Amino acid sequence: MSRIDMGSYVEVDVGELHGDDDPDKVVLDVREPMETAQGTVEGALCVPLGRLDEAMAQIDDDANLYIVCRSGSRSAYASEVLSSAGKRDVKNVAGGLMAWVSKGYPLAR
């Protein structure tokens, strides 16, 4: 598993998310509804990037937080926004759901 310190958040590979057995972790999928309807990580909170500010209050500042999107670009932006808003344990999942699927990890629908 690799981790890259991006300053205000860290970037992790999909293996770290898949292997994290913390029952209180929060997976935030910032893709659009038509994308998330095709599947996401089990238990993910689906909030389109454009509505992230509205959902901010639902997320505890100390949450073990993983951010995903299709490829890792939108989630990187969301990670920066969340970190700037005071979220302390923010992890952008590199490669997003494309990397998740390529590893053979399951999608929930």
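Every number in this text was worked out from the coordinates using simple rules, so none of it is lab data. Everything numeric in this text was worked out from a predicted model, so none of it was measured. Cβ atoms come from the backbone with ideal geometry, glycine included; neighbour counts cover every protein chain shown.
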(message) Every residue in the range 1-11 that is part of a strand (DSSP E or B) and within 13 Å of the chain's Cα centre (by Cα), please.
(response) VAL10, GLU11
(request) Please identify the pairs in which a residue from the range 21-46 that is over 10 Å from LEU97 (Cα atoms) has its Cβ atom under 7 Å from the Cβ atom of a residue that is β-branched (Val, Ile, Thr) and part of a helix (DSSP H, G or I), counting only partners at least 6 apart or on another chain. (result) CYS46/THR36
(request) Go through the range 37-62 and give me each residue that's surrounded by 13 or more Cβ atoms within 10 Å (Cβ to Cβ) and of a type in the set (A, V, I, L, M). (result) VAL41, ALA44, LEU45, VAL47, LEU49, LEU52, ALA55, MET56, ILE59
(request) Tell me, yes or no, whether the range 62-83 has at least one residue that is hydrophobic (A, V, I, L, M, F, W, C) and more than 23 Å from LEU107 (Cα to Cα). (result) yes
(message) If a residue counts only when it is in contact with a Lys or Arg (Cβ under 8 Å, 6 or more places away or on another chain) and farther than 16 Å from SER2 by Cβ, which strands (runs of 3 or more DSSP E) contained entirely in the range 12-109 have at least 1 such residues?
(response) 65-68
(request) Could you grab me the full set of residues in the range 54-89 that are more than 12 Å from VAL30 (Cβ to Cβ) and in contact with a helix residue (DSSP H, G or I) (Cβ under 7 Å, 6 or more places away or on another chain)? (result) ALA85
